[in-house]
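Student: Provided herewith is a single structure, encoded as C-alpha cells, for subsequent inquiry.
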Amino acid sequence: MRSMMHASKFDTRLGLTVTLAVAAFLIGPVVLSVLAGLTNNYFVGLSSGLTLRWVAEVWELYADTIWRSFAVALLTLAICTLVGVPAAWVLTLHRGRLARALEELLTLPVAVPGLASALALIVSWGTVSGLRGSIWFIVIGHVLFTLPFMVRAARASMQGADLATLDEAASTLGATRMQRFLHIVVPNAAPGIVTGALTVLTLSIGEFNLTWLLHTPLTKTLPVGLADSYASMRLEIASAYTLVFLLMLIPLLVGLQWLAARGDRSAQTPVIRTSSS
C-alpha cells in the first residue's frame, strides 16, 4: 500500500513537472516579447527602464488594422453561424453518401494551403467590381477557411444530445421545421455552437496566410500589420504590437470560454422550448 502511495505521488509530481515545463516552453517566448515591447531598449534590457511609448506608437500606426480585424472576425462569425449551424443539422439528419461527400467538400479548404485558396479566390472573384479592395473579399476567404470548424463542432454537439430523436418527437406533436430547429436544436446544441464560435473567432483574428494574399494596403488586418511591423519597424514596436494583440484577444477568449462553460452546464439535460404562440 505504501509503495502504491509513493508511486502515485511520484506520478503526480512528474505530471506537474512536465506540465510546468511545457507551459514555460509555450508561454516563455510570449512573455519575453511582451517585455521587449515595454522596455526603452530591448538590447539593453530592463535596466533601460519601462515605457509605454512603443504601445502608443503601435496604436497610432496600426489602430485601423486592429478594428478591421475585429470587424472581419465578427462578420465571419455571423456568416459561419447562419450557414454552419443549419448545415450541421442537415448533416446530422441525413447520414448517407451524399452527406459524407458534402462534409468532405466543406473540409477541403482546411486541407488546401491558405495561399492556394487565396489565389483561387483572386482568380475567380478578384475581377468583381469593388470586391477586391473591400474587407468582404477577406471575409469570404475567412468563411471558407473557418466554416468547417463551426460545422464540425455544432454537429458533434447535435449527435451527442441525440437531437434527431427529439426532433422526430416534436414533429409528431405538430411542431414545424423552423420551430423544431429554433426551440429544440439550437438550445441543446449551444455548447457546440459556442465552441465553434470560439474557434472561428480565434482563427479569423489570427489568420495570416489567406489574408496576406487577399489584403490591399487599405484592408490590412492585425496579423498582416504585425508582420509588417516586424519587417520594417524597431523590434520594440513589433513586440508592443504583440502586447496590443494579446490585450485585445484575451478578454474575448475568456468571455467565450465562460459562455462555453455555462452552455456545458445548462446542456446536461435536454431542453425543449415551446414558442409563446
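The values are calculated or read from the model by the stated rules, or taken from the named source; none is laboratory data. It should be emphasised that the depicted structure is a prediction, and the values quoted were computed from it without experimental measurement. With ideal geometry, Cβ positions are generated from the backbone for all residues, glycine too; neighbour counts draw on all protein chains shown. The area values use the complete protein model at the heavy-atom level, side chains included, leaving out ligands, DNA and RNA. Shrake-Rupley method; radii C 1.70, N 1.55, O 1.52, S 1.80 Å.
Student: Just by accessible area at a 1.4 angstrom probe, what is the order of Ser33, Ser229 from largest to smallest?
Tutor: Accessible-area ranking of Ser33, Ser229, largest first: Ser33, Ser229.
Student: Follow-up question, since we're still on this one. What accessible area per residue comes out for the chain, rounded to a whole number of Å², with a 1.4 Å probe?
Tutor: Counting only protein heavy atoms, the per-residue value for the chain is 58 Å².
Student: Of all alpha-carbon pairs in the stretch 65-194, indicate the percentage at a distance above 25 angstrom.
Tutor: Looking at the stretch 65-194, the distances longer than 25 Å represent 35 percent of pairs.
Student: Once each part is reduced to its C-alpha centroid, what is the distance from the stretch 72-113 to the stretch 35-62 in angstrom?
Tutor: Result: 43 Å between the Cα centres.
Student: With a ≥ b ≥ c the root eigenvalues of the C-alpha gyration tensor of the chain, is it rounded (a/c under 1.5), prolate (a/b larger than b/c) or oblate?
Tutor: Judged from the Cα gyration tensor, the chain comes out oblate (a/c at least 1.5, b/c at or above a/b).
Student: Using a Förster distance of 45 Å, how high is the FRET efficiency between Asn40 and Ser129, based on the Cβ-Cβ distance and rounded to 0.05?
Tutor: Given R0 = 45 Å and the Cβ-Cβ separation, E is 0.40.
Student: Moving to a separate point now. Let me have the 222 nm mean residue ellipticity of the chain computed from DSSP H runs of 4+ only, each contributing -39500 (n - 2.57), with the sum over all residues rounded to the nearest 500.
Tutor: After summing the helix terms and dividing by residue count, I get -26000 deg cm²/dmol.
Student: Follow-up. With label points built 7 Å along Cα→Cβ from the Cα atoms of Trp59 and Leu246, find their separation and express it in nm.
Tutor: Taking the simple label geometry, Trp59 and Leu246 are separated by 1.8 nm.
Student: Let me cross-check Glu104: its accessible surface, 1.4 Å probe, with only protein heavy atoms counted, in Å² to the nearest 10?
Tutor: 120 Å²
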